[in-house]
Structures are given as structure tokens and as C-alpha cells.
Amino acid sequence: VISCKNNGSVTFLAETEQVKPTLYMAGIAGVSSGDFTDCHNAGTVGIDNIDFGYWVAMAGITGRSFNYNPITIADCTNDGPLYANFIASGNQVHNVGGIVAIADGGEIAVDNCHNKANGSISMTTPGTGACGAQIGGIAAKITKPGTVENCTNTAAITFNTSAAAGKNSYLGGIVADIETSVVDVTNCVNTG
């Protein structure tokens, strides 16, 4: 995916029906298995007032990057706000990242990517479920070996919940959750 731009809103709305099992959302691609180069999102990406039973993965560029081969996300920016407002009725951890929400399957390289000041990330989850969050300025969750280099986050990150205890939450200016010991995070800056 090369030199793609989104300036429009991407919004998920549901008033009564519980959504299952997974919602992948992004300004460029909800789910991807390829590389991204020079892609930019300036549109708002959001979830409004839904009863959500399972799992959210939302980002400015791609909600989930999944492939058994190496993947590169380079020279990409998010400058659009990301928000998730939903009733947490399920026992899940939700993932929101400025560039990529979940990177899993194969090695990933995130290089020279930036979540800019307008790319604020907010999640509000009232409800009864044991809800947690992984929210990162660049990536929410990385499960396989890789690198995050020369990336910046200048946006605010906010998580408000009254959901039941039972799931851990992780917030990070660059990456919220690294689930492997062989991810190198190098020369990255958070000022958000």
C-alpha cells in the first residue's frame, strides 16, 4: 500500500445490537497482510455508543497487520483523532494505536512513523464487562519480533473506564504492549 491518504471520517455506529466477535478499523486498512509506505490518515476514526461484546482493533493506518512474512510500515503518519466510546459488556482487551493497533503473525518493522498532535487517542468504556485497553501512540500491541525506529507521538492518550476489574490495561506513548523480548524500540520520542 503506497502513498495512500484518507481525509474522511470512518465511524462505526450501532444502537442496540451487540457486535461480535471483532471490529478492525483504520483510516487506510482495517486488516492488512502487506507493507505500507508513505500513507497518511487525517480523518477521524471512531466508534460511537455501542454495546460491544468482544474485541476492537483501531488505528490511523491499519487496525491489524497480520502475515507470516515480514511486514514494513514506513514513513506513515496519523493526524486524525481516534476514539472508542462503547459499553464494555465482554471480557476483552481492546487495542488502539496511532499507526497500527495489532502487529502479529510475522516480523514487523515500523520506521519513521508519526502520530501527530491532532491524532489524539481516547477510549471511554462504561459497563459491566471486565474490559481492558492497550493504547499506544504508535502501536498498541506487538506479538512477534521486530523493530520500532525513528517514530514520534505528540498526541494525547486518554483511557476512562468504569468497567469491572479483571483485565489489565497498558498505555504507552510509543508502544503499549510488547509480547516478545526481541522487539527493538530505538530513537523514538513521545511528547503527548
Area projected by the alpha carbon convex hull of the range 139-192, averaged over all directions, nm²: 4.3 nm²
Can you find, among Ala139, Ile47, Asn150, the residue sitting farthest towards the positive end of the charge dipole of the chain, where Lys and Arg contribute +1 and Asp and Glu -1 at Cβ? Ile47
Taking all protein chains in place and a 1.4 Å probe, what share, in percent, of the accessible surface of the chain do carbon and sulfur account for? 46 percent
Extension reserve of the Ala117-Asp75 stretch, reckoned as 0.36 nm per residue once the Cα distance is removed: 13.5 nm
Out of these labelled values of Kirkwood radius over Cα pairs in Å, (1) 21.6; (2) 20.4; (3) 15.8, which was calculated from the coordinates shown here? (3)
On a full-extension model of 0.36 nm per residue, what is the gain between Tyr68 and Asp104, subtracting their alpha-carbon distance, rounded to one decimal in nm? 12.1 nm
Can you pull the accessible area of Thr44 for me, 1.4 Å probe, Å² to the nearest 10? 40 Å²
How far, in nm, would the chain grow between Ala156 and Ile2 when pulled straight, counting 0.36 nm per residue and subtracting the alpha carbon separation? 52.7 nm
Which value, in Å², gives the accessible area per residue of the chain when a 1.4 Å probe is used on the protein heavy atoms? 41 Å²
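The values are calculated or read from the model by the stated rules, or taken from the named source; none is laboratory data. In this text, all values refer to a predicted model and were calculated from it rather than measured experimentally. Neighbour counts run over all protein chains shown; Cβ positions are idealised from the backbone, glycine included. Accessible surface is based on the protein model in full, side chains and every heavy atom, while ligands, DNA and RNA are left aside. Shrake-Rupley method; radii C 1.70, N 1.55, O 1.52, S 1.80 Å.
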